[in-house]
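A.B. asks: Input: one structure, supplied below.
The values are calculated or read from the model by the stated rules, or taken from the named source; none is laboratory data. In this text the structure is predicted, and so the values were computed from the model without any measurement. We place every Cβ from the backbone using ideal geometry, glycine too, and count neighbours over all the protein chains shown.
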Amino acid sequence: MSKPLQIGILIFPNVTQLDFTGPLQVFSSLPNTTVHLIWKRIEPVTSDTVLTITPTVSFADCPQLDVICVPGGAGTDDMVNDQEMLQFLRSQATGAKYVTSVCTGSLVLGAAGLLRGYKATTHWTAMEYLGPYGALPTKTRVCVDRNRVTGGGVTAGIDFALTLVSVMVDRQTAEAIQLRLEYNPAPPFTSGSPDTAPPEILARMNQRIAAGRERRGAANQRAAARLSAAPIAANG
């Protein structure tokens, strides 16, 4: 039997739990696969909800991964300037077959210098921050560019994971997992995108997140400036 596929999902304080639990459910359906939840230490990690997550492996003990995935959330505002996180990603990316993200996790990949020259997507509120990292912002739910696979905001993590399974294994396997999960979305409203949401809903949301966007902008500006000042060779 071939060696198990090693898939690693990063977790960190204030991670958006659905960013990684959707992909986690998909990846856990793959045979001969080990899925790791990774953090600096083996200690409880608070998400952006009441859910607390226990990592399964630390940075130091993590094996070489075939797939590395960074989810998003408010915590990425800290992770884009967390040198321990960024160095771990750069080290793993040199041997990984796929370097991936969901939501604003792509900003952390960008801050690590891993998206230069690659098309990438992210949450609709954060698209403007990809360009300064040398990425090519692409407005799509799932973006595949060579071995970089990035998903849009939150719920797009399931689409991302199914797409990645179809690329790594085959479409039939991905479709079987989709059926097992009964992933057949039929949202009750059309407010899932700024392109289709009613103007008053979009305005309300933009007002609600204004302070967070200001904080995110400052954090990513610092990270992009540092990356520009000390260029890093990104894994191809």
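A.B. asks: Inside segment 93-119, can you point out the residues that are of a type in the set (Ser, Thr, Tyr) and part of a helix (DSSP H, G or I)? Steps first, answer last, please.
C.D. replies: Step one: list which residues in segment 93-119 are of a type in the set (Ser, Thr, Tyr), which gives 94, 98, 100-101, 104, 106, 118.
Passing the criteria: only Ser106.
A.B. asks: Just a yes or no: is a residue in segment 88-110 surrounded by fewer than 23 Cβ atoms within 10 Å (Cβ to Cβ), under 24 Å from Ser228 (Cα atoms) and of a type in the set (Val, Ile, Thr)?
C.D. replies: yes
A.B. asks: Considering only residues that are under 13 Å from the mean Cα position of the chain (by Cα) and part of a strand (DSSP E or B), which ones fall in segment 120-143?
C.D. replies: Scanning segment 120-143 gives Ala120, Val142, Cys143.
A.B. asks: Which numbered condition in (1) surrounded by fewer than 17 Cβ atoms within 10 Å (Cβ to Cβ); (2) out of contact with any strand residue (DSSP E or B) (no Cβ under 9 Å at 6 or more places or on another chain); (3) of a type in the set (Val, Ile, Thr) is the only one that Ile177 fails?
C.D. replies: (1)
A.B. asks: A further question follows. Residues Ala112, Ala96, Ala126: which one is in contact with a strand residue (DSSP E or B) (Cβ under 6 Å, 6 or more places away or on another chain) and modelled with pLDDT of 95 or more?
C.D. replies: Ala96
A.B. asks: Here is a further query. Sort out which residues of segment 100-120 are farther than 10 Å from Val80 by Cα, in contact (Cβ under 8 Å) with a residue 40 or more places away in the chain and aliphatic (A, V, I, L, M), and write them in order of number.
C.D. replies: Scanning segment 100-120 gives Val102, Leu114, Leu115.
A.B. asks: Filter the helices (runs of 4 or more DSSP H) completely within segment 145-236 down to those with at least 1 residues that are more than 17 Å from Ala111 (Cα to Cα) and hydroxyl-bearing (Ser, Thr, Tyr).
C.D. replies: 156-168, 171-180
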